[in-house]
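Have a look at the structure below, then the notes.
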Amino acid sequence: MPLPFIRRNVASMVGYVPGEQPQDRRYIKLNTNENPYPPSPRVLDAVRAATTADLRLYPDPLADALRDRAATVYGLQRDNILVGNGSDELLGLIVRACVGPGDRVVFPYPTYSLYDTLVAVQEGDVVHVPYPADFCLPEELRKVRGRLTFVCHPNSPSGTPAPLEALRALAREAAGVLVVDEAYVDFAEYTALPLLHEFQNVIVLRTFSKSFSLAGMRVGLAFGAPEMIKELLKLKDSYNVSRLSIAAATAALEDYGWMQENVARIRRTRSDLIRGLQERAFAVLPSASNFVLARRPGESQESRYLQLKRRGILVRYFPVPELRDALRITVGTDEEIGALLRALEDIAPATP
Ligand SMILES: *Cc1c(COP(=O)(O)O)cnc(C)c1O
């Protein structure tokens, strides 16, 4: 029986299911797209330096030190930038600001499933426009007039980029706000940031969780028109980002080269991973991110996922009809990917 005082849409929701974060043993962890390399030593120094008695004081509500650094790095102004407790918080703020009961939200599917959860909380109506098999951005996306359109670029779980021209057309024709979730863009060839200078209705989201190796610190950035940022600011917790997180993210931007070196390393390993998977009869789409989607069309990968887990290797299996024949595999170190590829050789093909 649902509790009588819980809203019906909440009671009937499943809730977002994050990738496993097991605490029982150490895995080769290739399931939630964390960076296998540590954050910059300058980040660790900055966190230590911020670990003082001043932790008794609240943090700067706007995180202006980080906003100013990000403005310089990304060629924007401070008032184009909102700092969030991870970009997940920023997604939540955007949905709360734009979506009420019955309002339409559109995005290609399959993609980051948190979008569904956030819209369900607001009692909005989700329109999934199916991606074709090659995960090109579907044309029909432009015909559905939503208050909000999400495009994850590059997309998760496919790893595929969205062409900039297609995003530009979408921004031009969208009835409402276009949110480009660039959680993985540092691993890609290009960003949608130029659209911010052309359109008032575009928001670009970034995170420190993937390329900057700071998933544990929970920091994300939203870039948008000052008028938009001002509305989102009204909805956020006053002290949404901790002192240590602000210090860490600011230092990470000050050592941008560290991130770029790790990205270059991951991209090299990504090529080896794709080749290794193809040699083992998996279909793999070209990836512009730090993970790949490996498929055996028509063959459920659940048992392979479970057998890998038993061997201490965690990958992501999504129990939805569109993705049952796929595993999403994070690009780890060369050693980790070597271990994965060896384990895949040992695992017998599933009997149909
Ligand atoms: C990881 C991820 C995020 C959110 O990351 P945070 O850790 O909350 O900053 C957002 N969107 C996508 C598609 C992601 O994969």
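What does the charge dipole of the chain about its Cα centre add up to, to the nearest 20 debye, if the Cβ of each Lys and Arg holds +1 and the Cβ of each Asp and Glu holds -1? Walk me through the numbers before you get to the answer.
On the way: 42 positive and 42 negative charges, 113 e Å.
Charge dipole, the chain, about its Cα centre: 540 debye, nearest 20.
With θ set to phi - 60° and the Karplus curve 6.51 cos²θ - 1.76 cosθ + 1.60, what are the ³J(HN,Hα) couplings of the stretch 100-116 in order, to the nearest whole Hz, using x for Gly and Pro?
x, x, x, 6, 8, 10, 10, 7, x, 9, x, 8, 5, 6, 4, 4, 4
Determine one quarter of the surface area of the Cα convex hull of the stretch 39-131, which equals its mean projected area, and express it in nm² to one decimal.
Numbers: hull surface 35.1 nm².
Taking the Cα atoms of the stretch 39-131, their convex hull projects to 8.8 nm² on average.
Compute for the chain: radius of gyration divided by Kirkwood radius, i.e. Rg/Rh, restricted to C-alpha atoms, rounded to two decimals. Before the final figure, lay out each step's value.
Numbers: Rg = 20.4 Å, Rh = 21.2 Å.
Reported Rg/Rh, Kirkwood definition of Rh: 0.96.
Report the extension gain between TYR256 and HIS197 in nm, rounded to one decimal, defined as 0.36 nm multiplied by the number of residues separating them, less their alpha carbon distance. Present the calculation step by step, with values, prior to reporting the outcome.
Working: separation 59, 0.36 × 59 = 21.24 nm, distance 2.31 nm.
Computed gain between TYR256 and HIS197 is 18.9 nm.
Excluding ARG172 itself, calculate the net charge of residues whose Cβ lies under 12 Å from the Cβ of ARG172, where each Lys or Arg counts +1 and each Asp or Glu counts -1. Can you show the working numbers first?
On the way: positive: ARG142, ARG168; negative: GLU165, GLU173, GLU198.
With Lys, Arg at +1 and Asp, Glu at -1, the neighbours total -1.
Ordered by residue, what ³J(HN,Hα) values in Hz, to whole numbers, does the stretch 257-267 give under the Karplus form 6.51 cos²θ - 1.76 cosθ + 1.60, where θ = phi - 60° and Gly and Pro are x?
My calculation for the stretch 257-267 gives x, 4, 4, 4, 5, 5, 4, 4, 4, 5, 5 Hz in order.
Can you list the residues, at least 5 places off or on another chain, whose amide H is less than 5 Å from the amide H of ARG104, using H built in the peptide plane?
Residues meeting the amide H criterion: ASP125, ARG147.
Going 7 Å from the Cα of ARG8 toward and past its Cβ, which residues in the stretch 78-101 have a backbone nitrogen under 19 Å from where you end up?
Residues 100-101 qualify, since their backbone N sits under 19 Å from the label point.
Between the stretch 82-155 and the stretch 303-322, what's the alpha-carbon centroid distance in Å?
Cα centroid to Cα centroid, the span is 26 Å.
Pairs of Cα atoms under 8 Å, at least six residues apart: use those to get the relative contact order of the stretch 91-136, whole percent. If you can, show how the numbers build up before the last one.
Numbers: 54 pairs, mean separation 20.8, N = 46.
Relative contact order here is 45 percent.
Measuring from label point to label point, each 7 Å out along Cα→Cβ, what is the LYS234 to ASP346 span in nm?
About 5.8 nm, to one decimal.
DSSP loop (so not H, G, I, E, B), at most 11 other Cβ within 10 Å: list which trypsin sites (Lys or Arg not before Pro) in the stretch 134-224 pass both filters. The partial results should precede the final answer.
Values: sites: ARG142, LYS143, ARG145, ARG147, ARG168, ARG172, ARG206, LYS210, ARG218; in loops: LYS143, ARG145, ARG147, LYS210, ARG218.
Passing sites in the stretch 134-224 are LYS143.
Please give the FRET efficiency for TYR190 paired with ALA225, using the beta carbon to beta carbon distance and R0 = 22 Å, rounded to the nearest 0.05. Working shown, then result.
Numbers: r = 21 Å, r/R0 = 0.96.
Computed FRET efficiency for TYR190 and ALA225 comes out at 0.55.
If I take every Cα pair under 8 Å that is 6 or more residues apart in the chain, average their sequence separation and divide by the length, what percent do I get for the relative contact order?
Contact order relative to length: 23 percent.
Laboratory data are not the source of any read-out in this text; all were calculated from the coordinates shown. For clarity, every value in this text was computed on a predicted model and none was experimentally measured. No Cβ is skipped: glycine too gets one built from the backbone with ideal geometry, and neighbour counts run over all protein chains shown.
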